[in-house]
Amino acid sequence: MAVQPFSLPILGCGQEANGLKAMSEEGAMDKRISLIAANWKMHKTIGETVSFIETLQKEVGPCTDREVMIAPPYTALDAARKAMTMEGYKLAAQNFHWEEKGAYTGEISGPMLKDLGCDCVILGHSERRHLFGETDEMIQKKLAAAFKFGLLPILCVGEVLEEREAGRTLEVIGTQLERAVQGLSREESGKIVIAYEPVWAIGTGKTATPGQAQEVHLAIRQHIAALFDKEVANRLRILYGGSVKPDNVDALMAQPDIDGLLVGGASLEVSSFKRIVQYQFVEK
């Protein structure tokens, strides 16, 4: 699985916008549909969840040119699924265990999430890695289990501030990617959604510039091409996550290799998340 390190310079619903991103390789005919994902973390009761989703759908309407994914707490998953009545909305869990069942107090399995109506699961979020000690090996098991149990995995990768300042951004991300996809088939690898989240920008108000984010996204796509091939890399959707806000969403989504967003704090209010969902995409 070892490859040469990738290099990088230092660092509806859409109204009239079009949420389809063209493939970058010659001859590619497909498009990558944008994915705007809300990670609510440990926020919102069942009632708050239902109210949010109903209001969002009323104000945004069905989404046909992009997808909207919401990841509420476990306690609100069932209610969230029942509240999602319009096209283009997907339900995600924020984490899960790789085993199907067993003596794992406090954990939840893939089949349990499917039973609740989940479409997707977020894996390897920086808070899981740094606050709860999840390792690359654990995340690799979870990624394989997501496919086994029929869940779309959103794999998070990213560097902390010290790693970025030391010039190790791509080394860190490359290692995270390589270890996570070990054992996956070519077909499975093309279906993964990768979320690049510079850890130094999460919840800090700091954001990578659109150019910085684009450079890392392109490097991730090139690295996946080296691990598998260009066709797989071109099918891959890569999201940006790191203090995404209404005032930077258009510039971020204008970048050719940014296929969507993983939104934290700005996804907790309908007004701000609505504006992010309805970003104005300008084809270059």
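A few comments on the model shown:
- Residue tally, condition among the charged types (D, E, K, R) and more than 14 Å from Ile276 (Cα to Cα), over the stretch 66-85: 3
- Restricting attention to the stretch 98-125 and to residues that are under 22 Å from Ser189 (Cβ atoms) and in contact with an Asp or Glu (Cβ under 8 Å, 6 or more places away or on another chain), the residue that is surrounded by the most Cβ atoms within 10 Å (Cβ to Cβ) turns out to be His125.
- The residue pairs whose first member lies in the stretch 160-178 and is within 15 Å of Ala213 (Cα to Cα), whose second member is open to solvent by less than 70 Å² (accessible area, probe 1.4 Å) and outside any helix (DSSP H, G or I), and whose beta carbons are closer than 6 Å, counting only pairs six or more residues apart or on different chains, are Thr169/Glu159; Leu170/Phe6; Leu170/Leu8; Ile173/Val157.
- Arg179, sole failed condition from (1) of a type in the set (Lys, Arg); (2) within 22 Å of Leu261 (Cβ to Cβ); (3) at pLDDT 95 or above: (2)
- Within the stretch 161-194, the set of residues being buried (at least 18 other Cβ atoms within 10 Å of the Cβ) and of a type in the set (Val, Ile, Thr) comprises Thr169, Ile173, Val181, Ile192, Val193, Ile194.
- Strands (runs of 3 or more DSSP E) lying entirely in the stretch 1-86 (those with 2 or more residues that are modelled with pLDDT under 95, among the aliphatic types (A, V, I, L, M) and surrounded by 14 or more Cβ atoms within 10 Å (Cβ to Cβ)): 20-22
- Residue tally, condition in a loop (DSSP other than H, G, I, E, B) and touching a helix residue (DSSP H, G or I) at 6+ places or on another chain (Cβ under 7 Å), over the stretch 90-110: 5
- Looking only at residues of the stretch 200-257 that are under 23 Å from Glu67 (Cβ atoms) and among the hydroxyl-bearing types (Ser, Thr, Tyr), we find that the one that is surrounded by the most Cβ atoms within 10 Å (Cβ to Cβ) is Tyr240.
- If only residues of the stretch 137-160 that are in a loop (DSSP other than H, G, I, E, B) and touching a Phe, Trp or Tyr at 6+ places or on another chain (Cβ under 9 Å) are counted, the one that is surrounded by the most Cβ atoms within 10 Å (Cβ to Cβ) is Gly158.
- Those residues of the stretch 111-129 which are assigned to a helix (DSSP H, G or I) and either closer than 21 Å to Ala38 by Cβ or of a type in the set (A, V, I, L, M) (or both), in sequence order: Met112, Leu113, Lys114, Ser126, Glu127, Arg128, Arg129
The values are calculated or read from the model by the stated rules, or taken from the named source; none is laboratory data. Keep in mind that this is a model prediction, so the values were computed, not measured. Glycine gets a Cβ as well: all are built from the backbone with ideal geometry, and neighbour counts include every protein chain shown. Protein only, heavy atoms only, side chains kept; ligands, DNA and RNA dropped before computing areas. Shrake-Rupley method; radii C 1.70, N 1.55, O 1.52, S 1.80 Å.
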